[in-house]
Amino acid sequence: MLAQRPVRWSRLLHGAAPVAVVVVAAAVAGGLHGGFTDLFVYQEAGRAILDGLPASAPRDPVTGLTFTYPPFAALVMVPLALLPAWLAAAVWTGASTAALAAVVVMVRRATGRPTPGWLAAVVTAGALALEPVWQNLAFGQVNVIVMAAVLFDLLRPERRWSGVLVGLVAGLKLTPLVFVLLLLLVGRRASGRRALVAFVATVALGLLAAPRWAASYWTDGLLDAGRIGPPALAHNQSVYGALTRLLDGRPPTLVWLAVAVPLGAAILLVARRWWLRGDHVLATCVAALAALVVSPISWSHHWVWAVPVALCLWERSRWAAAAWTAVFVARPILWPPWGQRREYAWSPVEHLIGNAYLLAALAVVLWAALALTSRVGHPGRRERVGRASHQGVGY
């Protein structure tokens, strides 16, 4: 009997138990902490739907913040509205942490790396040190869950329902529409069409649930970055944010589009090349960077894609992965003075530091573009995949 105990412990450590411990701990911490600003707004949006046909975007009476997502997202938030605040915080934090663990497992599995439960738990807990991740949890944001849904859809072999999940999460937050473009660019047209149909269905559901609010959302101010918050704020790590800070005011729409559209298209072409070379993980991450760069508002908690990018870099260069991770742990974007329009007084050096997330993303895209000239897309990938297929992929 004594000889069997180490075997049991080994199985326990390699199974889902370590991840479950991290998820439960996060849920308990979330329930005890509470006070998640964006989660309050989500709950208020769900209550507005329950109360019947809101004429405009709901505003949380506690925080004064307005729900800025499409009306379909408010439908999804209805279950949260039925829960007390502490329980909603616990459920949401636990779900986000579970989604983060799923991202770790999916990315490593796609690169042929076995991921025992203890390793998934350690990496998940370590990822909480990245500013976008803990900001996402601290605000009660949806970004980690959206990221996990996109990866789950795109990293699996094409099947009957491929693309649907991408379309549905695009109905929650518009930025996942970039992955619809990726699907079309790489020739997965059936998946791309399903994603578009699913997205249109979310728009239709929003119109049915709240016609006046939906009509206003899709026609008035959709491209107005100011409705989400001050674009100049250092937390906005997008081209639009950088231009706003650089020009001491919001750039004209044509100026922003003249910079953002060609840049986004170039990044997507890099993503397409990596997808066609068989590296779907890196391609998806690069496409996500395109969305973050081009979107008018990319708050720091939107940059949870730093986690799968770090895992991709780790497979190629430990130094690059460490440098990338250090940027998101140290959060240099907040080293210069920020808030209350102080970004407009930044010096050239402060602009470089204060746009660190954006510049780091562009550096990774440049590296990915240059790496396309090499003959091998992913060193050792075939060998690891073959080895993993015999040893199992773990949790």
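Structure values in brief
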{"quantity": "Relative contact order of the chain, defined on C-alpha pairs under 8 angstrom at six or more residues apart (%)", "calculated": "20 percent"}
{"quantity": "Two-decimal Rg to Rh for the range 137-193 - Kirkwood Rh, Cα set", "calculated": "1.00"}
{"quantity": "Approximate spin-label separation TRP218-ALA323, in nm, with each point projected 7 Å along Cα-to-Cβ", "calculated": "4.5 nm"}
{"quantity": "Order of SER347, SER295 under a 10 Å beta carbon neighbour criterion, fewest first", "calculated": "SER347, SER295"}
{"quantity": "Distance cut-off 24 Å, percentage of C-alpha pairs in the range 173-286 lying past it", "calculated": "44 percent"}
{"quantity": "Relative contact order for the range 227-374, counting Cα pairs under 8 Å that sit 6 or more residues apart, in percent", "calculated": "29 percent"}
{"quantity": "HN-Hα J in Hz across the range 366-371 - Karplus 6.51, -1.76, 1.60, θ = phi - 60°, x for Gly and Pro", "calculated": "4, 4, 4, 5, 5, 5"}
{"quantity": "Base-10 log of normalised Debye intensity for the chain (one unit scatterer per alpha-carbon) at q = 0.09, 0.11, 0.14 Å⁻¹", "calculated": "-0.55, -0.83, -1.37"}
{"quantity": "Cα-based Rg of the range 227-374 normalised by 2.2 N^0.38 Å, two decimals", "calculated": "1.04"}
{"quantity": "Relative exposure of ILE267, ILE228, judged by other C-beta atoms within 10 Å (fewest first)", "calculated": "ILE228, ILE267"}
{"quantity": "Extension gain (nm, one decimal) between ALA265 and ARG159, 0.36 nm per residue minus Cα-Cα", "calculated": "35.5 nm"}
{"quantity": "For the range 3-153, average projected area of the Cα convex hull in nm²", "calculated": "10.6 nm²"}
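Read-outs: derived from the displayed coordinates by stated rules, not from any lab. A quick note: this is a predicted structure, and the numbers were derived from the prediction, not measured. Here Cβ is always computed from backbone atoms with ideal geometry, including for glycine, and neighbour counts include all displayed protein chains.
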